[in-house]
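Reading through the structure tokens given below for one structure.
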Amino acid sequence: MVTAFADPFDALFNLQRALEARLASDWLQDLTTSRGPFPPINVFQQGEDILAIIELPGIDKNDLQIQAKENTIRISGRKAVDLPEGVSVHRRERVWGEFDRTLSLPVQLDPDGIKAEYRDGVLALFLPRAESDKPRMIAIK
Amino acid sequence: MASKQELQVQQKRELEKKEETTIPARIFLPTVDIYETEEALRVILEIPGVEKNNVDVRVEDGVLYVDGRLDFSKYQNLQPLYTEYNVGHYSRSFRLSSKIDQSKIGAELRDGVLSLTLAKLEEAKPRTIQVK
């Protein structure tokens, strides 16, 4: 008999375990330079290319700058949390302020092919590998 | 005056419920700001990655429940290389201290920030008593 799992919850658990397993992996060791580690970044491989997913809820697109150079990406900006005047505050957990973080990837990027998408408070950076960095099949004669 | 504040990463807190869920997946607590005006209670929650259709807000027996389901199908075919945070559904509930008009709950989701406006019932609003 085949054991059936309550997919897609099982799929989510597997994803969470995969993310957990890579927590503090050494893939980017000593390669992220920053003024503070905000915002948190997850880096994935998508085929030959790299996809960085950054949780940045409540950012105005105009307050977010992304710069690319060779194999580094710089994400900087400002996160504002507005609180109207004259209200009584019960809880304040959301953080606000300025951030500036640089990611140096251990692969060469194609800076012209980089795409950024901000949706539902999540910034996705599509980082295509430079043609020169892609592995090549060697034909054996 | 120091106008710049360095942002620190907030570790995601996991939901601890009295009852366990039957599924092993993790659920996280969204960070929240709550404030009260004369007319309403405002609850602002950060649920990055959750789409409008996957948010469930309800008030039951004086408890506000907020659930956000993450569409993790986007993570299919992605191989994690380096991670700093985990992802999952969001859930949080609050026992409301003042009476809320259930028919007047406003909700708006923008850039991963869910803003709830819970209008207070007429009887719960502050009143100024005129001294004769």
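Bear in mind that the values in this text are calculations on the coordinates, not laboratory data. Bear in mind that the values here come from a model prediction, so they are computed numbers and not experimental data. All Cβ positions, glycine included, derive from the backbone under ideal geometry; neighbour counts span all protein chains shown.
Full extension of the chain segment joining A:ILE138 with A:GLN65 gains 22.2 nm, where the gain is 0.36 nm per residue of separation less the Cα-Cα distance. Counting, for every residue in A:91-101, the Cβ atoms of other protein chains within 10 Å of its Cβ and taking the mean gives 6. Each of the peptides B:30-41, A:85-96 was scored by the mean count of other Cβ atoms within 10 Å over its residues; in descending order, highest first, they stand as B:30-41, A:85-96. Each Lys and Arg adds +1 at its Cβ and each Asp and Glu adds -1 at its Cβ; summed about the Cα centre, chain B shows a dipole of about 240 debye. Each of the peptides A:131-137, A:55-61, B:7-13, B:86-92 was scored by the mean count of other Cβ atoms within 10 Å over its residues; in descending order, highest first, they stand as B:86-92, A:55-61, B:7-13, A:131-137. Rounded to the nearest 20 debye, the dipole magnitude of the protein assembly as shown is 280 debye, with +1 charges on Lys and Arg beta carbons, -1 on Asp and Glu beta carbons, and the Cα centre as origin. Neighbouring Cβ atoms from other chains, within 10 Å of the Cβ of residues in B:97-103, number 0 on average. Using alpha carbons only, the radius of gyration of the protein assembly as shown set against its Kirkwood radius gives Rg/Rh = 1.05. For the pair B:TYR65 and A:ASP10, label points projected 7 Å from Cα toward Cβ lie 2.6 nm apart. Modelled this way, with points 7 Å down the Cα-to-C-beta line, the labels at A:GLU20 and B:GLN102 are 3.8 nm from one another. Here is the link list: A:LYS79/B:LYS12; A:LYS61/B:LYS17; B:LYS18/B:LYS125; B:LYS104/B:LYS132; A:LYS79/B:LYS52. Which ones come out longer than 24 Å on Cα distance? Flagged as over cut-off: A:LYS61/B:LYS17; B:LYS18/B:LYS125; B:LYS104/B:LYS132. Taking the helices alone, the protein assembly as shown has a mean residue ellipticity at 222 nm of -1500 deg cm²/dmol, built from -39,500 (n - 2.57) per DSSP H run of at least 4 residues and averaged over all its residues. Our estimate of slack between B:GLN79 and B:VAL131, defined as 0.36 nm per intervening residue step minus the Cα-Cα distance, is 11.7 nm.
Label reach from A:LEU83 (point 7 Å along Cα→C-beta): in the range A:89-121, amide nitrogens under 14 Å belong to A:89-97. Computed on the range B:9-61, the Cα convex hull volume stands at 155 Å³ per residue. For chain B, relative contact order (Cα pairs under 8 Å, six or more residues apart, normalised by length) works out to 26 percent.
Packing order of peptides B:104-117, A:41-54, highest average first: A:41-54, B:104-117 (average count of other Cβ atoms within 10 Å over each peptide's residues).
To the nearest 0.05, what FRET efficiency results for B:GLU123 and B:GLN10 with a Förster distance of 45 Å applied to their C-beta separation? About 0.75, to the nearest 0.05.
Each principal axis of chain B carries a Cα extent, and these read 73, 48, 27 Å when sorted largest first.
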